Structures are given as structure tokens and as C-alpha cells.
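Asker: Handing you a structure now.
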Amino acid sequence: MKKHLLLSSGLFLGSLAVMGQCDTTQINGDLIVSSDIIMSGTYIVSGTFRVDAGATVFVESYSTNGCGQIHVEAAKIDVQGNINADYAGYPGGNPGQGATTVNSVTGDQSALTGCHNKDNAGQITVTGGLAGTAGEGPGAGLAGLNGSVGSGPKQKCGNTSDDYGMVGGSGGAGGGGGASYGGLGTDGGKGGNGSGTHSGNNVSIQSSYAVIAGNGGLGGSAGQTYGTPNGQDIDLGSGGAGAGGGGRSFYPGENGNRGGNGGGAITLIGTDTLIITGTLSAAGENGLAGGKGANGDKTGDCCSDGCNDIGEKTFSAGAGGGAGSGAGSGGGILIKAPMYSAITGNLNANGGNGGNGGAKGNGITDNYGGNIFCSSQTVTTGAGNDGLAGGSGSGGRIKIFTTDCAENILAPVVNVNGGTNAEIGSYFADQDICFVDNTSVENILDENKFVVFPNPASDYAYIKLLTGAFEKESNLTIYDNSGRLIYSHSIEANGANTIQLPIHTFATGSYILVIQNAKGRSSQKLIKY
């Protein structure tokens, strides 16, 4: 993996620039995202990584040679805007092709759509729709099966009466299985059956060969879960399998569509401060529709006698539609903050819904009015069946590792839902015992213990150490109720026990005051009225 060293005291990114793919970029200073940008890979930031409100980091997708993920390690992380890794994970499978081929054991394949060998019996076979391919990734949805063939006799001209031909529509291919990650996706649906149904009035079918309707292919299975629910691993979401192609009849079936991509992965590690008030999203993509089954139709008149009746034609019934493609699973979000954290934003790793099945092919009705020497006739052929939906993707995995320090806030809005009927993913939040410099807050040296008075306060508050004095350089930070850093100031060593804090510009509400120095850290709540 390449490494890039980027030296900057304040790097501002925007205007939909593109940074990195699977590289590691080291930044000495701050990395500020002020407008939309595409990013991918690992960023090691010595200062602050911030996504401003209204700005979105789009994670470059795995399928376009990007990593499909963004990994940021910074001293301070502040996400006010959005990091969007939707559909950036492992790609979905390729679409299945619509059925196009016509065969014949008697060499009469051209008789499906025109006249051939008109005075002799013959047979015609139309192939079934083809299945798509499996998705990519450890939990990829599996491909369905091809639809089966439809077949039947062609027309035959007779001395006194003519027999019509009838070819059953072929089956559509099975749908793609849904992808899995934090839970199980669902299996793909079955392709639609072709129709062999036909009815004739005052006319006979040529009986040398049976009319056979093709069956729809079975759907592909869902992928398998992977990763751990509570470990510090994270991964991309997997892709669903491609949709089935539609079956053939008089016309070719239509192609299916690709499977849905999995969600990407987002990793944020704030070694000092981590604040998320915006949105992190790594959703899986919905599946798309299966291919439409072909319609049936009829040839022209093939015999040369006094009655241009229906018996001179070869008919075909509707084919089955291909089932839909599988959806991608939700991706992964990993957040780590060993010191201060305030996580109140939206975290989304939902899976997608399976694609709709392709529409059935319709049959046809033909009428002959007859004349003084010829009776009236009617032939009707049946419609195929719609394909079923593709498999849905499961939810992904969201993991948060913080501490239970009193000033920390852990109140995200979490979504790890699967698509329709698929399992939810996993959400794990681990708050370790609050430690600062290997010393628990409860045992920090007394010189860091302080009180705030008056409390509540209006214009000024005072900070007083319980014992000792500000004899070492300390840092005072203040966070509002949503966890946003609003004040940071260095307290010089001056031997005093009390300092004055002007708060008249603060909005009414509650705040967390944190004092930290080489000996440790302590916090108190302040109410401003």
C-alpha cells in the first residue's frame, strides 16, 4: 500500500475533489472538509479532522478501484456534516441475459417466426432465461438457476384441413440471493414459468410433438454472515447476485439487472476528542428488476389453399419473467474514542431490498371469420408468470468503543435494519472504565479536583481547586450539551486557587467543563441561565 506524506498546518478540501484510493495519506496539521469531496483510503492526521455542516465526504466505491472505505485517525475528529459510504462496498453480480436462442431437433427453428417446411411435421425449442452471477464479498448473494426450455410442434398443411403449431414459452431465470454481513439476507425468488396453455375452436393442433412450457429457475441463496459482533474488526458490505433474464417465446426475453452493491466502511479514531453530530452512512443498495419475459405471437399463413385459416400458423405462448436481483448488505462503521467523545448523530448501516421480478410475457388471440366454404376459428395462447423478487440484504455492523467518563455522551441514532424479511445487523457499544494517563478518574490526584460556583451562573462563573493551586500549566475545555467543543483555553501556572470564567456570551443550557494537565483530568457540569 502506498503512503503519501502531506505537510500542512491547515488543509481545506472541497469542490468534489478526489483524494486517494487505497493509499495512506499522512497529514501534519488539520484536515478540514468544507464542501463535498470524494475520499478513499487511510488518513493519519496529527491535528483535527473536521467535516463542516453542509459538506459530505463521499467514499469512493470499491467497484471503481477505490477501497470502498475511509479510515481516519486524528487527534480530534468533528463530523458536523456527512460521511456517505452508501453502496461503496463489494459490488453486486452481473445481470442475467434474456433468452434468445431457438433450436429444433428437426431443423425447423425458423418456423417459430415464419414459414418453413410447411407440409411436414416439425419441432421448435426456445431456451430459458439465463441467471445472473453471484455478488462479491465474503457474504455475497449467490446466483439463481437458468429457466428451462419451452417447446412444441410447428404448423403442418393438410389436404383437407391444416393443423396449427404451438410453442410453449420458456421460463425466466431465478433471482439473485441477498447479501449478508451482520445478519442473514434472504434467498432470491423463483423465475416465472412460461405458459403452454392454448385453446382452439374449430381447429386442430399438430400433434406430432408435445407442447411443453418452461419452468422458472430457482432463486440463489443468501450469503453467509462474517466478521464479529463485538470485536474491533470492520469490513465492507457484500453485494447481491444479479437478476435473472426473461424467457424466450416468439421474441427474445429481456435482460435482467445487476445486483445491489454492499455498503462501504467508515472507521473514525479520535485519540483526544471525537464528536459526531452529523451522519455516517454505509447502507447497502437495493436490488433491481428481473428481465421481462417475451410475448407470444403468430406466424403468417403458410399454406396455399382456399381457406387462409388459423391452422396455417404457428403460435407461441408467453414466457416467464426473470426474478429480481439481490440487494447489498449494509456496510460497517467503527468508532473509537479513548478520551473525550460526544456521539449524537445518525449512524446507518441498513441493508437493501431485493429487486422486483420481471413481468410475464403475454399470449395472443387470433380469429378467422370463415366464409361460405370455411368455418370460423379461434386460437388463444396463455400468458407466462411474473418473476419473483430478488433476495434482500441484511443489516451491517456498527461498533463504538468509548469510555464511561462522566463528560462523554453516547446517544446516537442507530439503524442496522435489513431489507424486507432480512435480518437486522449488529450494533455494539462498549464503554470502558474511564482512564486518563493510566489513572482512573476516581483516583486522579486531588490537585485536579475542582468546583464551579455559582452554579447555575449567568455572567461569570468561578473555578476553584479543592486543594493545591494552578501550579502547572493546565488546559480548560468546555463542551455544550450536544458534545460540541465551544471553548478551549490554556491556564497558565500562577499559584492561584481560583480563576474567573466569563460566560455571558454562552447560550442558556448545560455545559461540561474539563480541566486536564500532566497529572490527569477532571470534569464538572455548569448550568448557564
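The values are calculated or read from the model by the stated rules, or taken from the named source; none is laboratory data. Remember, it's a predicted structure, so these values are computed and weren't measured experimentally. Note: ideal-geometry Cβ built from the backbone for every residue, glycine included; neighbour counts use all protein chains shown. Keep in mind that these areas ignore ligands, DNA and RNA; they rest on the heavy atoms of the full protein, side chains included. Shrake-Rupley method; radii C 1.70, N 1.55, O 1.52, S 1.80 Å.
Asker: Ordered by packing density, taken as the mean number of other Cβ atoms within 10 Å over each peptide's residues, highest first, how do 227-237, 188-198, 150-160 rank?
Answerer: Ranked by mean Cβ neighbours within 10 Å, highest first: 188-198, 150-160, 227-237.
Asker: For the range 338-405, what is the convex hull (Cα atoms) projected area averaged across all directions, in square nanometres?
Answerer: With the hull built on Cα positions only, its mean projection is 7.3 nm².
Asker: Next question, about the same structure. Computed on alpha carbon atoms, what radius of gyration and Dmax characterise the range 280-329, expressed in Å?
Answerer: Over the range 280-329's Cα set, Rg and Dmax evaluate to 21.9, 76 Å.
Asker: OK, next. I need the Debye-formula profile for the range 227-375: one equal scatterer per C-alpha, no solvent, reported as log10 I(q)/I(0) at q = 0.09, 0.10, 0.12, 0.21 1/Å, two decimals.
Answerer: Cα-only, vacuum Debye calculation for the range 227-375: -0.52, -0.58, -0.68, -1.11.
Asker: Can you pull the Kirkwood radius for the range 19-126, inverse mean 1/r over Cα pairs, to one decimal in Å?
Answerer: 17.9
Asker: If you don't mind, there's one more thing I want to ask. Restricting to the range 212-366, what percent of DSSP beta bridges are antiparallel, rounded to 5?
Answerer: That works out to approximately 10 percent antiparallel.
Asker: On to the next question. Quick one: putting +1 on the C-beta of Lys and Arg, -1 on the C-beta of Asp and Glu, what dipole do you get for the chain around its Cα centre, in Debye to the nearest 20?
Answerer: In total the dipole reaches around 140 debye.
Asker: Next question. Take each of the peptides 411-417, 123-129, average the number of other beta-carbon atoms within 10 Å over its residues, and list them starting from the highest. List each step's numbers first, then the result.
Answerer: Values: 411-417: 17.6, 123-129: 29.7.
Descending mean neighbour count gives 123-129, 411-417.
Asker: Taking all pairs of different Cα atoms in the chain, averaging 1/r and flipping that mean, what Kirkwood radius in angstroms comes out?
Answerer: Taking every pair of different Cα atoms in the chain, averaging 1/r and inverting gives 26.6 Å.
Asker: Further question on the same structure: Can you give the relative contact order of the range 330-402 as a percent, counting alpha carbon pairs under 8 Å and 6+ residues apart?
Answerer: Answer for the range 330-402 is 49 percent.
Asker: Also: With unit charges on the beta carbons (Lys and Arg positive, Asp and Glu negative) and the dipole taken about the Cα centre of the chain, which residue among 269, 288, 401 sits farthest to the positive side?
Answerer: Value computed over the given set: 288.
Asker: Please report Rg over Rh for the range 113-203, where both radii come from the alpha carbon positions and Rh follows the Kirkwood definition. Walk me through the intermediate numbers first.
Answerer: Working: Rg = 20.2 Å, Rh = 15.9 Å.
Rg/Rh for the range 113-203 comes to 1.27.
Asker: Of 43, 412, 385, whose Cα points farthest to the positive end of the dipole of the chain (charges on the beta-carbon: +1 Lys, Arg; -1 Asp, Glu; origin at the Cα centre)?
Answerer: Going by the Cα projections, it comes out as 385.
Asker: Leaving out ligands, DNA and RNA, and with a 1.4 Å probe, what % of the accessible surface on the chain is carbon or sulfur?
Answerer: Carbon and sulfur together cover 48 percent of it.
Asker: No solvent, one uniform scatterer per C-alpha: report log10 I(q)/I(0) for the range 173-279 via the Debye equation at q = 0.13, 0.17 1/Å, two decimals.
Answerer: -0.70, -0.91
Asker: Taking a probe of 1.4 Å, how large is the accessible area per residue of the range 267-315, in Å²?
Answerer: Numbers: 1300 Å² over 49 residues.
Result: 27 Å² of accessible area for each residue.
Asker: Further, regarding this structure: Using per-residue counts of other Cβ atoms within 10 Å, averaged over each peptide, order 142-148, 238-244, 28-34 from highest down.
Answerer: 238-244, 142-148, 28-34
Asker: Additional query: When ligands, DNA and RNA are left out and all protein chains stay put, how many square angstrom of accessible area per residue does the range 19-113 have with a 1.4 Å probe?
Answerer: It amounts to 35 Å² per residue over the range 19-113.
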